[in-house]
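J.: First the structure, then my questions, so here it is.
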Amino acid sequence: MVLYSFYIFDRHTECIYARRWTPRPASSGTAARPQSGSSITSNGDAAPTRKALTHSDDEKLVFGLVFSLRNLVTKLGGDDDTFLSYRTGEYKLHYYETPTRMKFVMLTDTKAPNLRQYLHQIWATLYVEYVVKNPLAPTEHPMGIGVANELFEAGIEAFITKVLPV
Amino acid sequence: MSKLSSNDYLTLAGSFHGMHAITARLSPAPAVPNPLPASSAPSPFINRPTGLEVLESSHFRIQCFQTQTGTKFLLFTEPQQPNVDTMMKRIYELYADYVMKNPFYTVEMPIRCEKFDRGLDGFVKVRG
(Lines give C-alpha, C1' and ligand atoms only; values in the text may rest on other atoms or scores of the structure.)
Protein backbone atom coordinates (compact mmCIF):
# COMPACT_ATOMS: atom_id res chain seq x y z
CA MET A 1 0.00 0.00 0.00
CA VAL A 2 1.25 3.48 -0.83
CA LEU A 3 0.51 6.37 1.49
CA TYR A 4 0.32 9.82 -0.04
CA SER A 5 -0.69 12.10 2.79
CA PHE A 6 -2.39 12.34 6.16
CA TYR A 7 -4.30 15.29 7.63
CA ILE A 8 -6.01 16.12 10.92
CA PHE A 9 -8.57 18.93 10.97
CA ASP A 10 -10.01 20.39 14.15
CA ARG A 11 -13.59 21.54 14.61
CA HIS A 12 -12.65 25.09 13.59
CA THR A 13 -11.92 23.88 10.04
CA GLU A 14 -8.22 24.31 10.62
CA CYS A 15 -5.60 21.78 9.57
CA ILE A 16 -3.70 21.06 12.79
CA TYR A 17 -1.49 18.30 11.47
CA ALA A 18 -0.38 17.39 7.97
CA ARG A 19 2.09 14.88 6.74
CA ARG A 20 2.98 14.10 3.15
CA TRP A 21 5.04 11.41 1.56
CA THR A 22 5.01 12.75 -1.97
CA PRO A 23 6.22 16.15 -3.08
CA ARG A 24 3.74 17.98 -5.24
CA PRO A 25 5.30 18.34 -8.69
CA ALA A 26 6.26 21.94 -9.45
CA SER A 27 4.38 21.93 -12.73
CA SER A 28 1.87 19.44 -13.98
CA GLY A 29 2.35 17.65 -17.29
CA THR A 30 -0.24 19.72 -19.10
CA ALA A 31 1.40 23.01 -18.08
CA ALA A 32 4.77 22.00 -19.46
CA ARG A 33 3.38 20.92 -22.80
CA PRO A 34 3.87 23.50 -25.52
CA GLN A 35 0.66 24.85 -26.91
CA SER A 36 0.46 24.50 -30.66
CA GLY A 37 -2.62 26.66 -31.00
CA SER A 38 -5.29 28.36 -29.01
CA SER A 39 -7.94 26.00 -30.38
CA ILE A 40 -6.99 23.34 -27.81
CA THR A 41 -7.88 25.50 -24.86
CA SER A 42 -10.94 27.06 -26.42
CA ASN A 43 -13.27 24.38 -25.01
CA GLY A 44 -13.24 25.96 -21.57
CA ASP A 45 -10.39 23.81 -20.29
CA ALA A 46 -8.37 26.21 -18.15
CA ALA A 47 -6.02 23.60 -16.70
CA PRO A 48 -2.82 24.53 -18.59
CA THR A 49 -2.90 28.11 -17.32
CA ARG A 50 -3.64 27.22 -13.71
CA LYS A 51 -0.86 27.38 -11.14
CA ALA A 52 0.18 24.32 -9.19
CA LEU A 53 -1.45 23.98 -5.79
CA THR A 54 0.54 24.77 -2.69
CA HIS A 55 0.36 22.63 0.42
CA SER A 56 -1.97 24.99 2.24
CA ASP A 57 -4.26 25.10 -0.81
CA ASP A 58 -4.33 21.33 -0.67
CA GLU A 59 -5.37 21.35 2.97
CA LYS A 60 -8.18 23.79 2.34
CA LEU A 61 -9.41 21.84 -0.66
CA VAL A 62 -9.36 18.56 1.24
CA PHE A 63 -11.27 20.05 4.12
CA GLY A 64 -13.89 21.66 1.91
CA LEU A 65 -14.25 18.49 -0.03
CA VAL A 66 -14.78 16.12 2.89
CA PHE A 67 -17.08 18.66 4.50
CA SER A 68 -19.30 18.80 1.41
CA LEU A 69 -19.17 15.06 0.84
CA ARG A 70 -20.16 14.44 4.44
CA ASN A 71 -23.12 16.80 4.03
CA LEU A 72 -24.12 15.10 0.80
CA VAL A 73 -23.99 11.68 2.43
CA THR A 74 -26.05 12.71 5.47
CA LYS A 75 -28.58 14.39 3.24
CA LEU A 76 -29.00 11.33 1.06
CA GLY A 77 -28.64 8.55 3.61
CA GLY A 78 -30.09 10.09 6.75
CA ASP A 79 -28.43 11.35 9.91
CA ASP A 80 -26.96 8.01 10.97
CA ASP A 81 -25.12 7.60 7.70
CA THR A 82 -21.41 8.38 7.64
CA PHE A 83 -19.05 9.11 4.80
CA LEU A 84 -16.29 6.49 4.67
CA SER A 85 -14.11 6.93 1.61
CA TYR A 86 -13.98 7.74 -2.05
CA ARG A 87 -11.80 6.54 -4.87
CA THR A 88 -10.72 8.13 -8.13
CA GLY A 89 -8.57 6.62 -10.85
CA GLU A 90 -5.43 7.86 -9.07
CA TYR A 91 -5.93 7.72 -5.33
CA LYS A 92 -8.30 6.88 -2.51
CA LEU A 93 -9.31 9.15 0.35
CA HIS A 94 -10.23 7.67 3.73
CA TYR A 95 -12.18 9.63 6.26
CA TYR A 96 -12.89 9.32 9.97
CA GLU A 97 -14.67 11.83 12.16
CA THR A 98 -14.59 11.75 15.93
CA PRO A 99 -17.65 12.69 18.01
CA THR A 100 -15.96 16.03 18.68
CA ARG A 101 -15.89 16.74 14.93
CA MET A 102 -12.20 16.28 14.47
CA LYS A 103 -11.55 14.92 11.03
CA PHE A 104 -8.86 12.43 10.13
CA VAL A 105 -8.12 12.11 6.43
CA MET A 106 -5.69 9.80 4.72
CA LEU A 107 -4.83 9.59 1.03
CA THR A 108 -3.56 6.27 -0.27
CA ASP A 109 -3.31 4.40 -3.53
CA THR A 110 -6.51 2.96 -4.99
CA LYS A 111 -6.03 -0.65 -3.90
CA ALA A 112 -6.02 0.05 -0.18
CA PRO A 113 -8.83 -1.49 1.91
CA ASN A 114 -10.98 0.81 4.03
CA LEU A 115 -8.77 2.47 6.63
CA ARG A 116 -11.47 3.90 8.86
CA GLN A 117 -10.67 1.60 11.76
CA TYR A 118 -6.97 2.48 11.51
CA LEU A 119 -7.77 6.19 11.54
CA HIS A 120 -9.87 5.52 14.62
CA GLN A 121 -6.87 3.77 16.19
CA ILE A 122 -4.63 6.73 15.39
CA TRP A 123 -7.10 8.96 17.19
CA ALA A 124 -7.59 6.66 20.18
CA THR A 125 -4.06 5.41 20.76
CA LEU A 126 -1.91 8.27 19.47
CA TYR A 127 -3.81 11.53 19.38
CA VAL A 128 -5.61 11.08 22.69
CA GLU A 129 -2.56 9.64 24.42
CA TYR A 130 0.11 12.06 23.23
CA VAL A 131 -1.76 15.26 22.41
CA VAL A 132 -4.93 15.39 24.52
CA LYS A 133 -3.28 13.95 27.63
CA ASN A 134 -0.21 16.13 27.25
CA PRO A 135 -0.36 18.64 30.14
CA LEU A 136 1.74 21.13 28.21
CA ALA A 137 -0.44 21.18 25.08
CA PRO A 138 -3.22 23.77 24.82
CA THR A 139 -6.87 22.67 24.63
CA GLU A 140 -7.27 24.02 21.14
CA HIS A 141 -4.51 23.82 18.60
CA PRO A 142 -4.42 26.99 16.50
CA MET A 143 -1.82 26.63 13.73
CA GLY A 144 -1.22 23.08 14.93
CA ILE A 145 0.53 24.10 18.18
CA GLY A 146 1.09 21.13 20.45
CA VAL A 147 0.06 18.44 18.00
CA ALA A 148 3.28 17.60 16.20
CA ASN A 149 5.29 16.69 19.31
CA GLU A 150 8.05 14.08 19.28
CA LEU A 151 6.03 11.26 20.80
CA PHE A 152 3.12 11.77 18.42
CA GLU A 153 5.39 11.93 15.36
CA ALA A 154 7.25 8.80 16.44
CA GLY A 155 3.97 7.09 17.21
CA ILE A 156 2.60 7.87 13.75
CA GLU A 157 5.79 6.63 12.16
CA ALA A 158 5.66 3.36 14.11
CA PHE A 159 1.94 2.93 13.48
CA ILE A 160 2.38 3.31 9.73
CA THR A 161 5.23 0.85 9.49
CA LYS A 162 3.89 -1.77 11.93
CA VAL A 163 0.10 -1.62 12.04
CA LEU A 164 -1.14 -0.52 8.64
CA PRO A 165 -1.69 -3.35 6.13
CA VAL A 166 1.06 -3.62 3.56
CA MET B 1 -32.02 6.49 1.10
CA SER B 2 -34.17 9.43 2.00
CA LYS B 3 -36.47 10.97 -0.56
CA LEU B 4 -35.67 14.60 -1.28
CA SER B 5 -37.37 17.35 -3.19
CA SER B 6 -36.26 17.87 -6.77
CA ASN B 7 -34.70 21.17 -5.73
CA ASP B 8 -32.51 19.36 -3.22
CA TYR B 9 -31.43 16.93 -5.91
CA LEU B 10 -30.44 19.82 -8.15
CA THR B 11 -28.40 21.38 -5.33
CA LEU B 12 -26.69 18.09 -4.60
CA ALA B 13 -25.99 17.47 -8.27
CA GLY B 14 -24.49 20.94 -8.58
CA SER B 15 -22.23 20.52 -5.59
CA PHE B 16 -21.29 17.03 -6.72
CA HIS B 17 -20.13 18.48 -10.00
CA GLY B 18 -17.79 20.84 -8.15
CA MET B 19 -16.54 18.15 -5.81
CA HIS B 20 -15.84 15.90 -8.77
CA ALA B 21 -13.63 18.60 -10.27
CA ILE B 22 -11.80 19.11 -6.96
CA THR B 23 -11.11 15.41 -6.54
CA ALA B 24 -9.44 15.43 -9.94
CA ARG B 25 -7.29 18.42 -8.95
CA LEU B 26 -6.15 16.82 -5.68
CA SER B 27 -4.48 13.86 -7.33
CA PRO B 28 -1.21 13.31 -5.40
CA ALA B 29 0.35 10.66 -7.65
CA PRO B 30 2.91 11.78 -10.22
CA ALA B 31 1.48 11.93 -13.73
CA VAL B 32 1.70 8.62 -15.54
CA PRO B 33 3.71 8.86 -18.76
CA ASN B 34 1.74 8.42 -21.94
CA PRO B 35 1.48 4.66 -22.58
CA LEU B 36 0.77 5.01 -26.31
CA PRO B 37 3.60 5.13 -28.86
CA ALA B 38 4.52 8.57 -30.05
CA SER B 39 3.35 7.82 -33.59
CA SER B 40 -0.32 7.71 -32.62
CA ALA B 41 -2.33 10.90 -32.75
CA PRO B 42 -2.31 12.91 -29.49
CA SER B 43 -5.51 12.55 -27.60
CA PRO B 44 -6.81 15.12 -25.11
CA PHE B 45 -8.31 12.34 -23.00
CA ILE B 46 -5.13 10.59 -21.96
CA ASN B 47 -3.22 11.59 -18.83
CA ARG B 48 -6.02 13.68 -17.46
CA PRO B 49 -6.73 12.66 -13.86
CA THR B 50 -10.16 11.18 -13.40
CA GLY B 51 -12.37 12.62 -10.72
CA LEU B 52 -14.30 10.72 -8.10
CA GLU B 53 -15.25 7.22 -9.26
CA VAL B 54 -16.61 5.42 -6.20
CA LEU B 55 -17.92 7.00 -3.01
CA GLU B 56 -18.62 4.76 -0.04
CA SER B 57 -20.71 5.57 2.98
CA SER B 58 -21.98 3.25 5.68
CA HIS B 59 -25.40 2.91 4.02
CA PHE B 60 -24.80 3.16 0.30
CA ARG B 61 -22.27 3.46 -2.47
CA ILE B 62 -22.17 5.85 -5.41
CA GLN B 63 -20.55 4.76 -8.61
CA CYS B 64 -19.76 7.69 -10.88
CA PHE B 65 -19.03 7.20 -14.54
CA GLN B 66 -18.05 10.15 -16.69
CA THR B 67 -18.26 9.85 -20.46
CA GLN B 68 -15.66 11.43 -22.72
CA THR B 69 -18.01 14.33 -23.33
CA GLY B 70 -18.49 15.04 -19.63
CA THR B 71 -21.90 13.49 -19.00
CA LYS B 72 -21.91 11.90 -15.56
CA PHE B 73 -23.81 8.75 -14.66
CA LEU B 74 -24.39 8.20 -10.96
CA LEU B 75 -25.45 4.77 -9.79
CA PHE B 76 -26.54 4.39 -6.18
CA THR B 77 -26.19 0.85 -4.87
CA GLU B 78 -25.85 -1.11 -1.67
CA PRO B 79 -22.30 -1.08 -0.29
CA GLN B 80 -21.81 -4.76 -1.16
CA GLN B 81 -23.21 -4.71 -4.70
CA PRO B 82 -20.80 -6.56 -7.04
CA ASN B 83 -20.07 -5.87 -10.73
CA VAL B 84 -21.12 -2.25 -10.68
CA ASP B 85 -18.68 -1.48 -13.49
CA THR B 86 -20.36 -3.85 -15.92
CA MET B 87 -23.79 -2.60 -14.90
CA MET B 88 -22.65 0.93 -15.62
CA LYS B 89 -21.35 -0.11 -19.05
CA ARG B 90 -24.70 -1.69 -19.85
CA ILE B 91 -26.61 1.40 -18.73
CA TYR B 92 -24.34 3.52 -20.89
CA GLU B 93 -25.20 1.26 -23.82
CA LEU B 94 -28.90 1.68 -23.10
CA TYR B 95 -28.38 5.43 -22.96
CA ALA B 96 -26.52 5.43 -26.26
CA ASP B 97 -29.14 3.24 -27.92
CA TYR B 98 -32.37 4.75 -26.66
CA VAL B 99 -31.50 8.34 -25.79
CA MET B 100 -28.72 9.47 -28.09
CA LYS B 101 -30.16 7.69 -31.11
CA ASN B 102 -33.60 9.09 -30.45
CA PRO B 103 -34.18 11.73 -33.15
CA PHE B 104 -36.60 13.65 -30.92
CA TYR B 105 -34.17 14.03 -28.05
CA THR B 106 -32.40 17.38 -27.66
CA VAL B 107 -28.96 17.06 -26.10
CA GLU B 108 -28.48 18.34 -22.54
CA MET B 109 -32.21 18.34 -21.86
CA PRO B 110 -33.96 16.14 -19.30
CA ILE B 111 -34.33 12.62 -20.63
CA ARG B 112 -37.92 11.67 -21.32
CA CYS B 113 -37.62 8.50 -23.36
CA GLU B 114 -40.06 5.75 -22.51
CA LYS B 115 -37.91 3.12 -24.15
CA PHE B 116 -34.90 4.07 -22.06
CA ASP B 117 -37.01 3.94 -18.89
CA ARG B 118 -38.35 0.53 -19.82
CA GLY B 119 -34.92 -0.77 -20.83
CA LEU B 120 -33.48 0.41 -17.50
CA ASP B 121 -36.34 -1.10 -15.50
CA GLY B 122 -35.99 -4.40 -17.33
CA PHE B 123 -32.23 -4.43 -16.84
CA VAL B 124 -32.44 -3.72 -13.12
CA LYS B 125 -35.19 -6.32 -12.61
CA VAL B 126 -33.21 -9.01 -14.41
CA ARG B 127 -30.18 -8.23 -12.23
CA GLY B 128 -32.26 -8.19 -9.05
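The values are calculated or read from the model by the stated rules, or taken from the named source; none is laboratory data. Quick caveat: nothing in here was measured; it's all calculated off a predicted structure. Here the Cβ is made from the backbone with ideal geometry for all residues, glycine too, and neighbour counts use every protein chain on show.
J.: Of the conditions (1) of a type in the set (Val, Ile, Thr); (2) farther than 17 Å from B:Leu26 by Cβ; (3) within 11 Å of another protein chain (Cβ to nearest Cβ), A:Thr110 satisfies every one except a single condition; which number is it?
T.: Among (1) of a type in the set (Val, Ile, Thr); (2) farther than 17 Å from B:Leu26 by Cβ; (3) within 11 Å of another protein chain (Cβ to nearest Cβ), A:Thr110 violates only (2).
J.: Can you find, within segment B:5-35, the residue that is modelled with the highest pLDDT among those that are out of contact with any strand residue (DSSP E or B) (no Cβ under 6 Å at 6 or more places or on another chain), within 7 Å of chain A (Cβ to nearest Cβ) and part of a loop (DSSP other than H, G, I, E, B)?
T.: Among those residues, the one meeting the criterion is B:Leu26.
J.: Among the residues of segment A:58-98, which ones are basic (Lys, Arg), at the interface with another protein chain (Cβ under 8 Å from one of its Cβ atoms) and either surrounded by fewer than 19 Cβ atoms within 10 Å (Cβ to Cβ) or part of a helix (DSSP H, G or I) (or both)?
T.: Once the filter is applied, which keeps residues that are basic (Lys, Arg), at the interface with another protein chain (Cβ under 8 Å from one of its Cβ atoms) and either surrounded by fewer than 19 Cβ atoms within 10 Å (Cβ to Cβ) or part of a helix (DSSP H, G or I) (or both), segment A:58-98 yields only A:Lys75.
One line per residue, one yes/no per condition, for (1) touching a residue at least 60 places away in the same chain (Cβ under 8 Å); (2) in a helix (DSSP H, G or I); (3) of a type in the set (Lys, Arg):
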{"position": "B:Gln80", "(1), (2), (3)": "no, no, no"}
{"position": "B:Met87", "(1), (2), (3)": "no, yes, no"}
{"position": "B:Arg90", "(1), (2), (3)": "no, yes, yes"}
{"position": "B:Ala96", "(1), (2), (3)": "no, yes, no"}
{"position": "B:Gly119", "(1), (2), (3)": "no, yes, no"}
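J.: Find the residue count for segment A:105-140, including only residues that are touching a residue at least 12 places away in the same chain (Cβ under 8 Å) and either exposed (fewer than 12 other Cβ atoms within 10 Å of the Cβ) or among the charged types (D, E, K, R) (or both). Walk me through it before giving the result.
T.: Keep residues of segment A:105-140 that are touching a residue at least 12 places away in the same chain (Cβ under 8 Å), which gives A:105-116, A:118-123, A:125-127, A:129-131, A:134, A:137, A:140.
Filter again for either exposed (fewer than 12 other Cβ atoms within 10 Å of the Cβ) or among the charged types (D, E, K, R) (or both), leaving A:109, A:111, A:116, A:129, A:140.
Matching residues across segment A:105-140 total 5.
J.: Considering only residues that are part of a helix (DSSP H, G or I) and more than 16 Å from the chain's Cα centre (by Cα), which ones fall in segment A:144-166?
T.: Residues satisfying the conditions are A:Glu150, A:Leu151, A:Phe152, A:Glu153, A:Ala154, A:Gly155, A:Glu157, A:Ala158, A:Phe159, A:Thr161, A:Lys162.
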